[in-house]
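Please read the structure below before turning to the comments.
The values are calculated or read from the model by the stated rules, or taken from the named source; none is laboratory data. Please read these numbers as outputs of a predicted model, since none were measured by experiment. Please note: Cβ atoms are built from the backbone with ideal geometry, for glycine as well, and neighbour counts cover all protein chains shown.
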Amino acid sequence: MNWKNYRSISPVILRNSPNPFVNSWEEMSEEILLNSYKKLKSIDENIDRIVKKYENLNEEINAVSVLDNDLKKRIIKKLRDQFFRNDLFVSSVTGLIATCHDEAIVEKIMNTYRSEKKKIYLKNDLISLKHLLKKWIFKR
């Protein structure tokens, strides 16, 4: 399982910086790594609560299946947006929001944990994300 995170550099940043690629890429890489770590750490520490909320989301989505197609799609989109943009990481507290790229992997994590009680983001044969982050921070 690979967690992916994306960012882009604004042309404004590139024009206003004497060394745009060095400064921007380093800062952006640090931000991406830290953001990914915080998301996985939050999932790991709150997985049972998140799975319960995810199960509630699926129950609500099933309940609206009787509605006409257009209304059903709009309600499902709002329910999913509420879960991924606010409930998953409690964005008002953590400042973290699941991106559209995060949704598929979060659903895979939730479904696997629900069915197998297995945390697919933990691998015994790889160095833990926490260990990598500490190692990276201490190099600086």
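Residues checked against (1) modelled with pLDDT of 55 or more; (2) farther than 22 Å from Leu96 by Cβ; (3) part of a helix (DSSP H, G or I):
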residue	(1), (2), (3)
Asn5	yes, no, no
Val12	no, yes, yes
Trp25	yes, yes, yes
Met28	yes, no, yes
Glu31	yes, no, yes
Asn35	yes, no, yes
Lys38	yes, no, yes
| query | Name the pairs: first residue in the stretch 55-79 and touching a residue at least 12 places away in the same chain (Cβ under 8 Å) and within 22 Å of Val106 (Cβ to Cβ), second residue part of a helix (DSSP H, G or I) and charged (D, E, K, R), Cβ to Cβ under 6 Å, at least 6 apart or on different chains? | reply | Val64/Lys72; Leu79/Glu60
| Answer from Leu40, Leu67 - the residue that is over 30 Å from Glu116 (Cα atoms) and surrounded by 12 or more Cβ atoms within 10 Å (Cβ to Cβ) | Leu67
| Residue ID - modelled with the lowest pLDDT, chosen from residues in the stretch 78-108 that are of a type in the set (Val, Ile, Thr) and part of a loop (DSSP other than H, G, I, E, B) | Val90
